Amino acid sequence: MAQGLSNKQRSELKQKLQQRFDELREQVRQELRESDNKHYIELAGKVHDPEEASLADLLVDLDLAIIDLHIEEIRDIEHALMRFPMGSYGTCTDCGTNIDYQRLQANPAAKRCLDCQAKHEQTHAEKAHPTL
């Protein structure tokens, strides 16, 4: 069983979360600003064949997918930051054990211990595979 976090460790991880949150928020702002300037819609209107149309669609979809990933990470960070005042930061949301400090250093927004995360990924892995 992992030991609980010291005040110094909690402070360090909270600062790391806040810093990453600020970085991601700025990245999303920049990406949205740049996507306005890329004029993919204009490009799509000037295409001459299906390959060019497909490329224009791909570029738009890629930008949106990257922004979605950043927003998902921002949400995870927000949830982690909300666990600090409740005193539940660093505790697995599934089994209630302490999450290893090394795991939290690698992913400060982790909400599950390593064992529960592995179980979660096994039971939810099928959702990542599209079906017809």
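The values are calculated or read from the model by the stated rules, or taken from the named source; none is laboratory data. Bear in mind the structure is a predicted one, so any value in this text is a computation, not a measurement. For neighbour counting, all protein chains shown are included, and Cβ atoms are generated from backbone atoms with ideal geometry for every residue, glycine included.
Listed by first and then second residue, the pairs with beta-carbon distance under 8 Å, at least 6 apart or on different chains, first residue in the range 1-28 and over 12 Å from Leu81 (Cα atoms), second surrounded by 12 or more Cβ atoms within 10 Å (Cβ to Cβ) and hydroxyl-bearing (Ser, Thr, Tyr), are Met1/Thr97; Ala2/Thr97; Ala2/Tyr101; Gln3/Tyr101; Leu5/Tyr89; Leu5/Tyr101; Gln9/Tyr101.
The residue of the range 80-94 that is nearest to the chain's Cα centre (by Cα), among those that are surrounded by 13 or more Cβ atoms within 10 Å (Cβ to Cβ) and either closer than 11 Å to Leu17 by Cα or of a type outside the set (S, T, N, Q) (or both), is Ala80.
Pairs meeting the criteria (first residue in the range 99-117 and assigned to a helix (DSSP H, G or I), second residue surrounded by fewer than 21 Cβ atoms within 10 Å (Cβ to Cβ) and of a type in the set (Val, Ile, Thr), beta carbons under 9 Å, at least 6 apart or on different chains) are Asp115/Thr97; Cys116/Thr93; Cys116/Thr97. Ala65 passes every criterion in (1) of a type outside the set (Val, Ile, Thr); (2) over 25 Å from Arg25 (Cα atoms); (3) modelled with pLDDT under 95 apart from (2).
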